[in-house]
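Bear in mind these aren't lab numbers, they're just calculated from the coordinates by the rules spelled out. Nothing here was measured: the structure is a model prediction, and the numbers come from that model. Virtual Cβ from ideal backbone geometry, glycine too; neighbours counted across all protein chains shown.
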Amino acid sequence: MHLTVEEERMLNGECGEVVQKMMGLLVAMGEAFDATRMIPVNSVHVPAVALSTLRQGGKKLIEDIAGSGARVKAFTTVNPSSTDDSQWQELGIPEADALEQGKVTEAIHSIGAVPTYTCSPYLIGNLPRFGQHIAWGEASAVVFANSVLGARTNPEGGPSALASALTGRTPLYGLHLDKARLGEVLVLVKAELKEAADYGALGYWTGYTCKELTPVFVGIPHQVTEGELKMLSNGIACICSPALFHAVGITPEAQSEEKALGSQKAIDILEFGDNDLSETILRLSRATTRDVSWVAFGCPHCSISEVMEIAGLLNGKRVNSNIELWVCISRPVKALSDRMGCTEVIEQAGGRIVSETCPIVITRETIKQKGFQSITTNSSALATYINSVPGIAPHLGRLKQCVDAAVSGTWR
Ligand code: F3S
């Protein structure tokens, strides 16, 4: 693998032991995937900084990096943490967990990463352009970056994203190369997609059906919103399928079917109709109880326009007193929500704005203490990920249906 003089210096330890190890990791990855060289990255998004997802090894790695005095070389943002430090007590997060998470976040800050704590970094300033090479982790953000923004990233894990942050490089292989980005299966979208939840279901169905093949959507309307594409990306990402889709006319490199497929013919042509949409939502809505205990929006973290929509639906209503309603967002989006009066509307209705964390990365101990039996959401991904939390089953529906359930206390 060819390395530049600067990369050689990093590899032979001239830039410190930590940078040497990180460059060693990237070189090993590059050799495993037949990369011919390294490329500079425009930005990095580090996926695993939450206490609940970091194992002992991950925590130690972050603390060792911070202890060494190393600093990031690329613009770096980070995924949600296991706490909202502005209200950890109110959320019932155990003090020990809040303190432990605090140590990790301190280490993250000291290496120069931007404390975004969001899975939608593209909403708050980490916005790569078409064709730029980046090194991002967080499955939903990776799919969004590749497919909606047209940037190029492989799905990175915590260590490889940190390695790219500290060296400013990633090996040139996989989705950084044209040949790995071609579409393989045509998905004709025939269903009437009315809102973000429907796009999430389309994403889930596609990932489930296409497995590792790259889908090319035909029929997604040009006026599709950022929130709907965010949910589509998340729906695909939640079942570990390819980290890229093409939506003809929307994905920057797929302005036509031919461009999306390159010179090859589609391996298969599938149709997603109204029945597929309703069956997917029903399949994911596994809760057997009609009782609602926890309503959660913001998987991935909401944009300000989504918060405005939720506030509009809650305005003048009252969330059932036995129910917790969370709207999960980043701190900058919370600042906008505060200024626009959305936070006040949501809180007056009995809901809660939760910043920098979410129902999946918050510690299990917190959820256990609350005794929730179901989660009601508009996100296919959250309805899937919640399977990893014992004793909680999802209701999946459209936004208004979820808000109505929060008010009535019953899932209809
Ligand atoms: Fe984000 Fe948590 Fe969903 S990290 S994608 S809100 S599971």
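Structure summary
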| read-out | value |
| --- | --- |
| Hey, residue 90 away from the ligand (no atom under 16 Å from the Cβ) and out of contact with any Asp or Glu (no Cβ under 6 Å at 6 or more places or on another chain) or not | yes |
| Looking only at segment 57-85, and only at residues there that are within 16 Å of the ligand (Cβ to nearest atom) and among the hydroxyl-bearing types (Ser, Thr, Tyr), the one that is farthest from residue 141 (Cα to Cα) | 83 |
| Cβ pairs under 6 Å, 6+ apart, first in segment 78-106 and farther than 22 Å from residue 371 by Cα, second within 16 Å of the ligand (Cβ to nearest atom) and not in a loop (DSSP other than H, G, I, E, B) | 78/46; 78/108 |
| Count - residues of segment 15-36 that are surrounded by fewer than 14 Cβ atoms within 10 Å (Cβ to Cβ) and touching a helix residue (DSSP H, G or I) at 6+ places or on another chain (Cβ under 8 Å) | 2 |
| Test result for residue 111, in contact (Cβ under 8 Å) with a residue 12 or more places away in the chain, more than 14 Å from residue 79 (Cα to Cα) and out of contact with any strand residue (DSSP E or B) (no Cβ under 7 Å at 6 or more places or on another chain) | yes |
| Residue in segment 130-139 that is buried (at least 24 other Cβ atoms within 10 Å of the Cβ), within 16 Å of the ligand (Cβ to nearest atom) and assigned to a helix (DSSP H, G or I) present | no |
| In segment 251-261, the residues that are within 28 Å of the chain's Cα centre (by Cα) and either in a helix (DSSP H, G or I) or not β-branched (Val, Ile, Thr) (or both) | 252, 253, 254, 255, 256, 257, 259, 260, 261 |
| Criterion violated by residue 202 - all others in (1) more than 27 Å from residue 376 (Cβ to Cβ); (2) in contact with a Phe, Trp or Tyr (Cβ under 9 Å, 6 or more places away or on another chain) satisfied | (1) |
